[in-house]
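The next block holds one structure in the form of structure tokens; read it before the comments.
The values are calculated or read from the model by the stated rules, or taken from the named source; none is laboratory data. Only a predicted model underlies this, so the values are computations on that prediction, with no experimental measurement involved. Don't worry about glycine lacking a Cβ; one is built from the backbone with ideal geometry, like all the others, and counts go over all protein chains shown. Protein only, heavy atoms only, side chains kept; ligands, DNA and RNA dropped before computing areas. Shrake-Rupley method; radii C 1.70, N 1.55, O 1.52, S 1.80 Å.
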Amino acid sequence: MITLAAATVDVPFTLPIVDYNAIAPLLILLGAGVVSVLVEALLPRGSRRFIQLFVVFGALIAALAWVFTITGVRVVTAEGAIAIDGPALLMQGAIVVLALLGALMMAERSLDPSGDVFAARASALPGSEDEKQFTARGYLQTEVWPLFLFAVSGMVLFVSANDLLLMFVALEVMSLPLYLLAGMARRRRLLSQEAALKYFLLGAFSSAFFIYGVALVYGYAASTQLPVIASVLTAKPGQTSLALIGMALILVGLLFKVAAVPFHQWTPDVYQGAPTAVTGFMAATVKIAAFGALMRVLYVAFGGMRWDWVPMMWIIAILTMLVGSIIAISQSDIKRMLAYSSIAQAGFILVGVIAASPAGLAGSMFYLIAYGFTTIGAFAVISLVRDESGEATNLSKWAGLGRRSPLVGSVFALFMLGLAGIPLTSGFIGKFSVFAAALASGDAWLVIVAVGASLIAAFFYVRVIVVMFFTEPGPLTASVVVPSAFTTIALAAGATVTLVLGILPQPVLELVSNAGLFIR
Amino acid sequence: MTPWLTILALVPLMGSVLVALLPKSRPTLAKQLALAISLVTLALTVVMALQFNGASSEPFQFVESYPWIPAFGISYSVGVDGIGLVLIALAAILVPIVVIAGWRDVDATSDGSVKGYFALILALESLMIWVFAATDVFMFYVFFEVMLLPVYFMIGRYGGPQRSYAAVKFLLYSLLGGLFMLASMVGLYVVSAQVTGQGTFDYLSLIGLEMDPTTERILFLGFFLAFAIKAPLWPFHTWLPDAASASKPGTAVLLIGVLDKVGTFGMIRYCLPIFPAASEFYAPVVIGMALVGIFYGAYVALNQNDMKRLFAYSSMSHFGFIALGIFVFTTIGQSGSVVYMIAHGLSTAALFLTAGFLMQRANGSSLISDFGGVNKAAPVLAGFFMFAALSSLALPGLVSFVGEFMVLLGTFQRYLFVGGIATLGIVITAAYVLRLYQKSMTGPLVPKLFGMKDLGGREVIALMPIVVLTLVLGLFPAPILNVVNPAVDRVMKTIGATDPSPTISSEGSGK
């Protein structure tokens, strides 16, 4: 019998053991976030941008370099709350690299004639006199950078959280800045703010599910640490109902973040409303972070309940692939189309997750990396296609774009083919890896559905090529703005990785399979 | 050892990049460069073919193999047997012809750049060579799919009024087959990993893989579906008439003449040897599809008023013959199918190119009803048209006759009844081909065509090689048969099929 008295026993305080070397990338990013806040608070406006960029890129590169130096580290640290292992490091590296590309896009200042792509003052009401004043004075803000750094820190923590409570903290650290970033578009501010609000409300709602699930699982296992939950599951196999409900609620929270059906409703609005640079950054990195956490929870904590979650995940994967692909067909806005595409892609990655095998883990990670680069590149292209009202995201304005600007058109066609999974692009190898893993685990029907969904998805990707290349440019056709080196680098990196991972994927395939499994 | 096949594929690929990099203001230079590169490729093919040893006991010659994606047991492996060799030769011969014949095709249209079209042709040639040379199933699949892209752009950017619809339909239909083949191919890989402990895509290692009969049948279906759509067999043919009628003549030649052969090539190279039991199991279904295709295609062709669509349906009928020859499991039938593939490539080229020349003289109309009496105004053109028509209906003395005759002979050996039905298809073929000729070429010259010019030098040069080859190989098919027969023998041996020995009934019952 547990009594209150037991809690009052004087336990000597012991210092938690923290492997600072293993979590240094996280600390670098969080520290840089703090510095970035101070820069906003203390430095004069004119000098902020340069210093912010220096802090952001410096931190990202330092974090990446540190991740490289600690490859091979497998350790559970911070009193069991953080696990640094092969998959965690790989995904942290991928997140940081993609964040670098995202930062490049966000730093771009030569696309919009009035400065950058962010609202001059996010606090000014859309259409108000203040806003006009700020815009007229040419105000440019740099507050996005601390938000960006905290979001990246949250993601880096999310993939290595070994404790459900810490995972929740990471989820919030990652999400809250993203909600704000989504609402900061300079053009179409109402749409952007609506997106932010929707994202925030639904995100908060799903977080509540998550934390409620954590509470229930704690009630079952008396611990929030993933390996402990796993061992309790083996110890008490008969009475899992509380754990089951808890797991389901936790999965709701995580599947919301990966944009799986039926938790996908936020995706199109947010992708469309957020500034395109933020959308690209978010689409690529959140997917990795959320899938990283999802796989860790499923494999480490609930690996013993595989037969309970596999049927549910089957249904979700099938729904996600089909709903994403089918609804994407009817979209006329290219950002919304890519949002539904990202939903469909989440379904394909779930196919690899469901395989629940080393090959499945490796395949999913490869897919995530491939998808990240292709997506960020695609959004980089979208940020270049503009007319006088800002970005021209309506598909009708893309008519004949490929004829007018063959280079940009071809690169975008490459991204579309990559997302469609045409051979010699990274998307094909990704699909191949997850399908092979799923078939080896006996999920033949899932693969057949996935193949069908790929065909549906191919239709809308190919349609963009039709619009760009097979239609005559009209008076409404948008023009391609020449970007500065920032976006050019991001774009080139996306295109290069999409091609190289399609033609010579061996090094990265080795990387993902050598990453090994999650530490328990 | 010279890496012949890699060089052969790289030359047009490099050429394609070069042509694409030329300035837009130099269209003629782009054409000249494309022609030169395609001729170099042809010359290289000839040199390589001369070194091919028909009597070799090796399954493949000019073999190269390098690890590509070892994580999945994938290698870059090329090599050819007789079948691959003649199909590569077909591609290498048709590309320069298409370049010459299509010299002015793209100028006339305002859309798209000239250099783009010729760069795409060269890229396609390179991919075709790789697809026929691949001896790694994964590599085959990659090129099988990527090959769609140049054609997609050739139809979609340079085609007729329905081009966008036709291009998308072509691509989606092909992707449908391709994706099911992908699922099967992954399945094959998983099976090979379970059986041998190490998953592989190497063609020769996959032959004779022990498989559960149900698994084998399912995997067969994935591959077969892709090939049946590609070839196309009835009922997977609906994309072909649309694609053919929306294409430039040159595109159609490469699409139907060479590309679609990948489907029938795939059946004989992959379906049969890798899934012998399933092939036998499904043979009656395939033969049924082939027979329906022979008659359905011919029947629809009989009622077509659009020449390009007519050729498409006629091709579908011919593909029925080719598939029939493959799935009756006789040496002579399969050899006949390979010869038929070559013959059909040549006759399709002749038909589409002459029709293309004809259409250029009638403001692009391809309706038979718009023509009449062409042989009065343009006797040379009409003569070539006649030759192409006769080649299509398999006149004895032409190479198509050799193919068709061998297929029927092989079919009779195995199934007397099927052979009898298939032979009737020839009659309808003769009917629609001659009707086409009669309506468009004979009679009084229609007023619209007054003053039409006969073929010029360039056009005759484009057509002459086809005529010569059709005749020479028709009268003397030994060069093809000598290289094809050993390959077919190997396929027959792999699948454990034997030719039925000719039986002469002692009672004279006539059975």
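The number of residues in the stretch A:492-510 that are within 10 Å of chain B (Cβ to nearest Cβ) and either without any contact (Cβ under 8 Å) to a residue 40 or more places away in the chain or open to solvent by 20 Å² or more (accessible area, probe 1.4 Å) (or both) comes to 6. Residues that are open to solvent by less than 40 Å² (accessible area, probe 1.4 Å) and either at positive phi or aromatic (Phe, Trp, Tyr) (or both) within the stretch A:56-74 comprise just one, A:57. If you filter the stretch A:406-431 down to residues that are out of contact with any strand residue (DSSP E or B) (no Cβ under 7 Å at 6 or more places or on another chain) and of a type in the set (Val, Ile, Thr), you find that the one that is nearest to residue A:468 (Cα to Cα) is A:411. Within the stretch B:202-223, not a single residue is among the small types (Gly, Ala, Ser), in a helix (DSSP H, G or I), touching a Phe, Trp or Tyr at 6+ places or on another chain (Cβ under 7 Å) and farther than 24 Å from residue B:338 by Cα.
Looking only at the stretch B:351-372, how many residues end up being in contact with a Ser or Thr (Cβ under 6 Å, 6 or more places away or on another chain), farther than 15 Å from residue B:247 by Cα and assigned to a helix (DSSP H, G or I)? Within the stretch B:351-372, residues that are in contact with a Ser or Thr (Cβ under 6 Å, 6 or more places away or on another chain), farther than 15 Å from residue B:247 by Cα and assigned to a helix (DSSP H, G or I) number 1.
Looking at A:226, A:190, A:242, which one is surrounded by fewer than 18 Cβ atoms within 10 Å (Cβ to Cβ), touching a helix residue (DSSP H, G or I) at 6+ places or on another chain (Cβ under 8 Å) and at negative phi? Give the steps one after another, and end with the answer.
On the way: A:226 fails: surrounded by fewer than 18 Cβ atoms within 10 Å (Cβ to Cβ); A:190 fails: touching a helix residue (DSSP H, G or I) at 6+ places or on another chain (Cβ under 8 Å).
The conditions single out A:242.
The residues listed here are B:21, B:13, B:39; of these, the one that is within 14 Å of chain A (Cβ to nearest Cβ), open to solvent by 40 Å² or more (accessible area, probe 1.4 Å), more than 29 Å from residue B:491 (Cα to Cα) and under 23 Å from the mean Cα position of the chain (by Cα) is B:13.
Yes/no matrix, rows are residues, columns are (1) surrounded by fewer than 19 Cβ atoms within 10 Å (Cβ to Cβ); (2) free of Cβ contacts under 8 Å to residues at least 60 places away in the same chain; (3) aromatic (Phe, Trp, Tyr):
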{"residue": "B:336", "(1), (2), (3)": "no, no, no"}
{"residue": "B:412", "(1), (2), (3)": "no, yes, yes"}
{"residue": "B:420", "(1), (2), (3)": "yes, yes, no"}
{"residue": "B:430", "(1), (2), (3)": "yes, yes, no"}
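Remark: pairs (first residue in the stretch B:14-33, within 17 Å of residue B:458 (Cβ to Cβ) and touching a residue at least 40 places away in the same chain (Cβ under 8 Å); second residue open to solvent by 30 Å² or more (accessible area, probe 1.4 Å) and charged (D, E, K, R); Cβ separation under 6 Å; 6+ apart in sequence or on different chains) = B:30/B:115. Being under 30 Å from residue A:473 (Cβ atoms) and either open to solvent by less than 40 Å² (accessible area, probe 1.4 Å) or within 14 Å of chain A (Cβ to nearest Cβ) (or both) is a property that residue B:81 lacks.
Going residue by residue through the stretch A:418-433, is there one that turns out to be farther than 18 Å from residue A:364 by Cα, out of contact with any Asp or Glu (no Cβ under 7 Å at 6 or more places or on another chain) and outside any loop (DSSP other than H, G, I, E, B)? No, every residue in the stretch A:418-433 fails to be farther than 18 Å from residue A:364 by Cα, out of contact with any Asp or Glu (no Cβ under 7 Å at 6 or more places or on another chain) and outside any loop (DSSP other than H, G, I, E, B).
Can you work out which of the residues in the stretch B:436-467 that are open to solvent by 70 Å² or more (accessible area, probe 1.4 Å) and among the hydrophobic types (A, V, I, L, M, F, W, C) is farthest from residue B:280 (Cα to Cα)?
So in the stretch B:436-467, the residues open to solvent by 70 Å² or more (accessible area, probe 1.4 Å) come out as B:438-439, B:444, B:447-448, B:450-451, B:453, B:461, B:464.
Still in the running and among the hydrophobic types (A, V, I, L, M, F, W, C): B:450, B:461, B:464.
On the way: B:450: 57, B:461: 45, B:464: 42 Å.
The residue in question is B:450.
On the given criteria, is residue A:73 within 25 Å of residue A:181 (Cβ to Cβ) and of a type outside the set (D, E, K, R)? Answer is no for this residue. I want to confirm something. Restricting to the stretch A:161-174 and keeping residues that are touching a residue at least 60 places away in the same chain (Cβ under 8 Å) and under 15 Å from the mean Cα position of the chain (by Cα), which single residue is surrounded by the fewest Cβ atoms within 10 Å (Cβ to Cβ)? Per the criteria, the residue is A:170. Taken together, A:392, A:420, A:413 contain a single residue that is small (Gly, Ala, Ser) and over 23 Å from the mean Cα position of the chain (by Cα), which is A:392.
Considering each residue of the stretch A:480-488 in turn, none proves to be in contact with a Ser or Thr (Cβ under 6 Å, 6 or more places away or on another chain), facing chain B (nearest Cβ under 8 Å) and closer than 30 Å to residue B:166 by Cα. Within the stretch B:22-60, being closer than 22 Å to residue B:2 by Cα, assigned to a helix (DSSP H, G or I) and of a type in the set (S, T, N, Q) holds for B:38, B:41, B:45, B:51. Filter the stretch A:426-464 down to residues that are of a type in the set (Val, Ile, Thr) and within 8 Å of chain B (Cβ to nearest Cβ) and give me whichever is most open to solvent (accessible area, probe 1.4 Å). Result: A:448. Residues in the stretch B:143-170 that are open to solvent by less than 10 Å² (accessible area, probe 1.4 Å), closer than 15 Å to residue B:127 by Cβ and either facing another protein chain (nearest Cβ under 7 Å) or among the polar types (S, T, N, Q) (or both): B:145 only. Considering the stretch A:465-478, and only residues there that are aliphatic (A, V, I, L, M) and more than 14 Å from residue A:412 (Cα to Cα), the residue that is nearest to the other protein chains (Cβ to nearest Cβ) turns out to be A:476.
Kindly indicate which of B:186, B:131 is buried (at least 24 other Cβ atoms within 10 Å of the Cβ), away from every other protein chain (no Cβ under 11 Å) and not in a strand (DSSP E or B). Before you say what the answer is, go through the steps one by one.
Working: B:186 fails: away from every other protein chain (no Cβ under 11 Å).
Of the residues listed, the single one that is buried (at least 24 other Cβ atoms within 10 Å of the Cβ), away from every other protein chain (no Cβ under 11 Å) and not in a strand (DSSP E or B) is B:131.
For the stretch A:471-491, which positions are closer than 25 Å to residue B:152 by Cβ, open to solvent by 10 Å² or more (accessible area, probe 1.4 Å) and outside any strand (DSSP E or B)? Passing the criteria: A:471, A:472, A:473, A:474, A:477, A:491. When the residues of the stretch A:400-425 are filtered to those that are at positive phi and facing chain B (nearest Cβ under 9 Å), the one that is least open to solvent (accessible area, probe 1.4 Å) is A:421. Checked against the criteria, residue B:458 counts as of a type in the set (Lys, Arg) and either closer than 27 Å to residue B:375 by Cα or at pLDDT below 85 (or both). Residues in the stretch B:48-66: is at least one touching a residue at least 24 places away in the same chain (Cβ under 8 Å), within 14 Å of chain A (Cβ to nearest Cβ) and in contact with a Ser or Thr (Cβ under 9 Å, 6 or more places away or on another chain)? No, because not a single residue in the stretch B:48-66 is touching a residue at least 24 places away in the same chain (Cβ under 8 Å), within 14 Å of chain A (Cβ to nearest Cβ) and in contact with a Ser or Thr (Cβ under 9 Å, 6 or more places away or on another chain).
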